[in-house]
Each structure stands twice: as structure tokens, then as C-alpha cells.
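A short reminder: the numbers here are calculations on the coordinates, not readings from a lab. All values reported here derive from a predicted model rather than from experimental measurement. Cβ sites come from the backbone with ideal geometry, for glycine too, and all protein chains shown count toward neighbours.
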Amino acid sequence: MKAILKQSTEELLTLMKEFDPGMTRSLEAQLVEVVEHIGYLKKQMKRLKASDLEYVMMVSLELDNAKGSLKKLTEEE
């Protein structure tokens, strides 16, 4: 039991020596920046998706109008 406690204590001390608060803060700042960028990209994708949907609806309407015009022309002939 004492050997396990001693080994655990040594491992804990090693980890504490390796811990760098400055690096942790830097990584946290980078994470915040990446999360903000992801949010921006999500907004852009949503806007583009809406724009694409609007374009598809417009083209579909134009095609329907063109089909209607062709049908009228063929009926007149």
C-alpha cells in the first residue's frame, strides 16, 4: 500500500512540474478564437443555404413560366 501511495505521489509531483499555466491560458484563448470562428462559419453557411434555396426557387419559377409560354405557343399553332 505504501509503495502505491509513494508511486502516486511521485506521479503527481511529475505532473505538477509539467503543468504550465501560461500554456493553458494560451490554449484557452485559442479555443475561444476557434469557437468564435466556427460560429461565424455557421452563420455564413446558413446565409448561403438560404441564398441557394432562394435561387433554386427563382429558377424553378422561371422554368414554370417558360413551360407555360411554350405550351401557349404550341396551342396557338
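Structure above, values below:
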{"read-out": "Cross-link partners of Lys67 among lysines (Cα-Cα below 25 Å; sequence separation of 8 or more within a chain)", "value": "none"}
{"read-out": "Net length gained if the chain between Leu48 and Lys71 were fully extended (0.36 nm per residue, minus Cα distance)", "value": "4.9 nm"}
{"read-out": "Neighbour cut-off at most 10 other Cβ (10 Å), DSSP loop, chymotrypsin sites (Phe, Trp or Tyr not before Pro), the chain", "value": "Phe19"}
{"read-out": "Cα-based helix-to-principal-axis angle, 21-76 vs the chain, degrees rounded to 10", "value": "10"}
{"read-out": "Loop-resident sites, region 1-38, for GluC sites (Glu not before Pro), counting at most 13 other Cβ within 10 Å (DSSP)", "value": "none"}
{"read-out": "Mean projected area in nm² (Cα convex hull; one quarter of hull surface) for the chain", "value": "10.4"}
